[in-house]
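Chemist: Please find one structure pasted underneath; my questions will follow.
The values are calculated or read from the model by the stated rules, or taken from the named source; none is laboratory data. Just so you know, these numbers come straight off a predicted model, no measurement behind them. Here the Cβ positions follow ideal geometry from the backbone for every residue, glycine too, while neighbour counts run over all protein chains shown. Heads up: the accessible areas ignore ligands, DNA and RNA and are worked out on the full protein's heavy atoms, side chains in. Shrake-Rupley method; radii C 1.70, N 1.55, O 1.52, S 1.80 Å.
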Amino acid sequence: MNYTVLRVWGIPIRLNISLFVFLPILAWLIGSGEQLSVYATFINGVSPTAVDAAALEDSDRWLIGAAAAVGLFVSVTLHELGHAWAAMRYDIEVQSITLWILGGLASLARMPEEWSQEFWIAVAGPITSLLVGVGCLGALYVIPESATVVVFVIGLLAVMNIVLALFNMLPAFPMDGGRVLRALLARNRSYVSATRIAARAGIAFAIVFIFLGVVVAFSPILVLVALFIYVAATTESRTVVLGELLSGLSVADLLAESESVPADATVETVFDRLLRARRTDLAVVDETGAIVGAITASALRDVRPAAYDTTTVGELATRDLPRIDGETSAFDALYELRAGRTEVAFVERDGSPIGLVSTDDFTAVLDLRRDTVAF
């Protein structure tokens with residue numbers, strides 16, 4: 001569940017509910033005594049003003065923890081806005097920026113069309129984080145020595161932003177570095193091939209992160225990051241392959257000449273039609289030939305054999321299936337089917353159904369193209 005908290009450049013900034021749980025935990029982790037001592041070492045390495053964690057009051061520790069935790073996610077928002085700014089420079093719409101337990105995600109309306117576009121969109125985030133980190137470092141030179149809490153928070157944000165930039169540039173697809181890797185690979189090979197290689201690199205990093213997070217130093221966050229990288233890398237790789245296989249096709253292209261069945265036909269007559277059509281669904285038409293619904297094998301299973309000759313198809317027909325315009329790309333249509341958790345939908349033209357499309361139709365086309373298209 002996400003909550004929109006503000007808009008920047010018209011882009012909704014959303015907070016995932018997981019963040020409301022994680023922020024207090026992160027504040028506690030940062031503000032704990034042992035952690036602050038470790039952070040002080042890093043801060044003293046970059047700050048002209050030395051800080052001493054042992055001299056802090058308990059109230060100061062929790063103030064530092066809370067401010068640094070919130071500041072970190074503000075930094076992540078700026079990181080994602082860096083991606084968004086670059087995307088908008090290429091006329092790519094940014095639908096939203098979502099902050100969650102593992103960071104942020106800028107959702108683009110479409111993928112970049114050229115490798116150079118993906119490259120600059122990917123590096124814009126880490127560049128932004130570096131600029132924020134350098135800005136915080138500069139601020140340390142003007143903050144009074146007496147403002148210990150402020151020095152701690154700004155010093156932490158300086159280190160965090162620099163680490164955020166460097167970590168994101170690891171070639172672990174779909175992190176920023178992995179997208180840079182894919183962009184560079186796509187200069188002289190197909191987009192699908194580049195994605196496969198980058199995804200394999202991402203999976204390899206995920207395995208390393210799991211090993212480090214479980215065996216070397218117990219770190220649940222690192223394990224979560226590893227699982228996210230693994231799932232996201234495999235999912236995006238499959239999505240890109242699907243998009244390539246279905247490229248150039250509209251959903252209307254998937255419609256095959258198949259039998260339809262009149263609404264007043266009995267169930268007894270439908271089984272042969274399904275068998276001849278080699279489908280698990282058929283369009284149901286009225287007396288004018290217009291499609292008014294669909295009959296599916298699952299609906300027929302609910303009819304008792306004794307009622308086959310008295311039950312009509314019209315009584316069982318599904319009439320509230322999703323409707324997809326025939327000019328919709330095949331890839332987008334498949335996404336709509338999956339998002340609607342349905343296996344069949346009406347394909348329509350000028351507001352009237354012209355046929356049915358099912359996941360079986362997509363499977364048949366994908367199998368054919370997989371055997372005939374070389375990547």
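Chemist: For the stretch 224-237, does any single residue satisfy the condition of being more than 23 Å from ILE101 (Cβ to Cβ) and out of contact with any helix residue (DSSP H, G or I) (no Cβ under 7 Å at 6 or more places or on another chain)?
Modeler: Looking for residues that are more than 23 Å from ILE101 (Cβ to Cβ) and out of contact with any helix residue (DSSP H, G or I) (no Cβ under 7 Å at 6 or more places or on another chain), one finds none in the stretch 224-237, hence no.
Chemist: Here is a further query. In the list ARG200, ARG187, ARG182, which residue meets the criterion of being buried (at least 17 other Cβ atoms within 10 Å of the Cβ), within 24 Å of VAL240 (Cβ to Cβ) and of a type in the set (Lys, Arg)?
Modeler: The conditions single out ARG182.
Chemist: For the stretch 349-361, what are the residues that are modelled with pLDDT of 80 or more and either open to solvent by less than 30 Å² (accessible area, probe 1.4 Å) or touching a Lys or Arg at 6+ places or on another chain (Cβ under 7 Å) (or both)?
Modeler: VAL357, the sole residue that qualifies.
Chemist: Can you find a residue in the stretch 320-330 that is of a type in the set (Lys, Arg), more than 28 Å from ARG238 (Cα to Cα), in contact with a strand residue (DSSP E or B) (Cβ under 9 Å, 6 or more places away or on another chain) and surrounded by fewer than 18 Cβ atoms within 10 Å (Cβ to Cβ)?
Modeler: No: the stretch 320-330 contains no residue that is of a type in the set (Lys, Arg), more than 28 Å from ARG238 (Cα to Cα), in contact with a strand residue (DSSP E or B) (Cβ under 9 Å, 6 or more places away or on another chain) and surrounded by fewer than 18 Cβ atoms within 10 Å (Cβ to Cβ).
Chemist: Can you name the residue in the stretch 256-309 that is assigned to a loop (DSSP other than H, G, I, E, B) and modelled with pLDDT under 75 and is also farthest from GLY351 (Cα to Cα) among such residues?
Modeler: Step by step, filter the stretch 256-309, then rank; the result is ARG278.
Chemist: To continue, here is another question. Quick check: is even one residue across the stretch 322-329 at negative phi, of a type outside the set (D, E, K, R) and assigned to a helix (DSSP H, G or I)?
Modeler: No, the conditions are met nowhere in the stretch 322-329.
Chemist: Then there's this: Could you give every pair whose Cβ atoms fall below 8 Å, whose first residue belongs to the stretch 123-141 and is part of a helix (DSSP H, G or I), and whose second residue is β-branched (Val, Ile, Thr) and surrounded by fewer than 16 Cβ atoms within 10 Å (Cβ to Cβ), counting only separations of at least 6 or pairs across chains?
Modeler: Within 8 Å, the pairs are LEU137/VAL46; LEU140/VAL46.
Chemist: Now, a different point. Condition first: charged (D, E, K, R) and not in a helix (DSSP H, G or I). Now tell me which residues in the stretch 48-85 satisfy that.
Modeler: ASP52, GLU57
Chemist: Take the stretch 6-43 and flag every residue that is open to solvent by 80 Å² or more (accessible area, probe 1.4 Å), free of Cβ contacts under 8 Å to residues at least 12 places away in the same chain and not in a helix (DSSP H, G or I).
Modeler: LEU6, ARG7, listed by residue number.
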